[in-house]
Amino acid sequence: MFEQVFKNIDDILHKDAGCGSELDYVEQTSWVLFLKYLDDLEKDKATAAELTGKTYTPIIAPEYQWTTWAAPKDNQGKLDVHNALSGDDLTHFVNLQLFPYLKKINTSADSPDTINQKIGGIFSELKNRIQSGYNLREVINRIDELRFRTHAEKHEMSHLYEGKIKNMGNAGRNGGEYYTPRPLIKTIVKVVAPEIGHTIYDGAVGSAGFLCEAFEYLKHPLNSAGQVRELTTTEYETLQKHTFYGKEKKSLAYIIGIMNMILHGVEAPNIIHTNTLAENLKDIQEKDRYDIVLANPPFGGKERAEVQQNFPIKTGETASLFLQHFIKSLKAGGKAGVVIKNTFLSNTDNASISLRKLLLTKCNLHTVLDLPGGTFTGAGVKTVVLFFEKGHATQAVWFYQLNLDRNLGKTNALNEKDLLEFVELQKTKVDSENSWTVNVKDLDPTTFDLSAKNPNKKEEAALRQPQAILAEMKALDKEREDILSSILGLI
């Protein structure tokens, strides 16, 4: 149901003058979808309050509720076409009344960890780009068909929303910064293994894929017998308000990230719209640090000189600045899983050498996952994942090289099964055909080169010379003739 509705909405928006790309489709679908989701959420809260004898006060004022302006119903439960706004009336209401009202909701929020505050933050960054009120009416009608009341419905919704984000990522280079393959994220989360009570941070949050997958991982804890158990009320409250933190520079990614987390079940994500790298590392205090860092910072970008002044190791490479930020943002004993270009392991510029030295001396870089080309759709670079713990120097680094028997691409993407051997071997860090260990004392102290050179990979057989191939063919022909002669002799 959800998939067909999304396809229909894309077809409608494709016809609208205000929406020119997949990025616009996702953004505009998102705000309408969010208001419908919010309406269902309020119904659930009202029902829960009624069951406990309490009174629920709606977040949205009556005249701005979904069932008033977007989808009023008649006595048969069908759309009341006489009271449902459309055309210019609809666009005027949305642009001049609804959006200004929603922007101001955060000013009345009791605290920053409420959904009220997030609503204001989202609609302060958004504008309605659907120019035709008739197209907007069609989009609203399609989204009104959706339901977000059951766990299965919410799960399907969040899964398909991820699909839309993936399409957005493939729509252009800017969008591509937002999407990391979900099988890779799940694997990183599994290896880092956060626990309830940990604070989890992504300073380049994008569409919040890492935080969403960490939430999915944590909301199914195991008991002492290794079986999935229910969360306690306190644990649920902790996951909702005191676990997930993120920062994002770009407006669209910020909006998508918050909505993605809300659709996954985190009602008030602690995501801030800011340039993470504009923060001076000297200003990060203990209260600003986190137990876990999970991130795929943008690489290839160049930061201005004034931004570089915030970091002890000066470089224009965005990913290298983010890595310094992440190390500084971790608590002592904190754990991280960070995706970065594989050239970080071997670059010979002063900044890269200094950064590798910092990582190896201030943290235990215990694991490096070397990924094949094509892991990131449309990205022309190879990447690695750095797994490290802050607090004591690295003694040895365990490398795993993901060697697949196929080329990765848009139609042949990475999957979780591809990474199963890595997850299993990483537990004991044993050497194998695809894995090996490097002792830090064996590294060149002038470069700290960490190039992923697999010493255990079987050498491919060298191509034979044409003369040898022809000689073997001649010998096989003679052998065949001898066999045929023997058979004829028996007849």
- With a cut-off of 13 Å, note down the residues of region 397-411 whose backbone N falls inside the zone around a label point 7 Å from the Cα of Asp442 toward its beta carbon. 397-399
- Size of charge dipole - the chain - debye, nearest 20, with Cβ of Lys, Arg +1 and Asp, Glu -1, no other charges: 940 debye
- Task: State which entries of Lys219/Lys247; Lys219/Lys249; Lys190/Lys335 exceed 19 angstrom in Cα-Cα distance in the structure shown.
- Result: Lys219/Lys247; Lys219/Lys249
- Note on the structure: Measuring from the longest principal axis of the C-alpha atoms of the chain, the long axis of helix 2-14 (C-alpha) lies at a number of degrees, nearest 10, equal to 80 degrees
- Task: For region 287-293, take each phi angle, set θ = phi - 60°, evaluate the Karplus expression 6.51 cos²θ - 1.76 cosθ + 1.60, and give the result in whole Hz per residue in order, putting x for glycine and proline.
- Result: 5, 8, 9, 10, 7, 9, 10
- Task: Take Lys164, Lys457, Lys382 and order them by how many other Cβ atoms sit within 10 Å, fewest up front.
- Result: Lys457, Lys382, Lys164
- Query: In percent, how large is the relative contact order of region 176-442, given Cα pairs closer than 8 Å and 6 or more residues apart?
  - Reply: 17 percent
- Of (i) 1.10; (ii) 1.04; (iii) 1.19, which one was derived for Cα Rg over 2.2 N^0.38 Å from the structure shown? (iii)
- Message: I need the shape label for region 176-442. Rule: rounded when a/c is under 1.5, else prolate if a/b > b/c, else oblate, with a, b, c from the alpha carbon gyration tensor.
- Response: rounded
- Message: Could you tell me how far the Cα centroid of region 236-294 sits from the Cα centroid of region 1-29, in Å?
- Response: 28 Å
- In region 185-217, the GluC sites (Glu not before Pro) that fall in loop regions by DSSP, at most 15 other Cβ within 10 Å: Glu195
- Quick one: compute the contact order of region 315-437, relative version, from alpha carbon pairs under 8 angstrom and 6+ residues apart, as a percent. 26 percent
- Could you please report the charge total around Asn347, scoring K, R as +1 and D, E as -1 over all other residues with beta-carbon less than 10 angstrom from its beta-carbon? -1
- Filter the cross-link list Lys15/Lys103; Lys15/Lys410; Lys282/Lys390; Lys357/Lys441; Lys282/Lys357; Lys164/Lys341 down to pairs whose alpha-carbon distance in this structure exceeds 21 Å. Lys15/Lys103; Lys15/Lys410; Lys164/Lys341
- Query: Helix 251-264: angle to the longest alpha-carbon principal axis of the chain, degrees 0 to 90, nearest 10?
  - Reply: 90 degrees
- Note on the structure: Any residue on another chain or 5+ positions along whose placed amide H is under 5 Å from the amide H of Gly334 is listed here as Lys390
- Task: Pick out, from Tyr217, Leu146, Leu136, the residue whose Cα sits farthest towards the positive end of the charge dipole of the chain, with +1 on the Cβ of Lys and Arg and -1 on the Cβ of Asp and Glu.
- Result: Tyr217
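Any read-out appearing in this document is the output of simple, stated calculations on the displayed coordinates, not a laboratory observation. Bear in mind that the values here come from a model prediction, so they are computed numbers and not experimental data. Cβ: placed from backbone, ideal geometry, glycine included. Neighbour counts: every protein chain shown.
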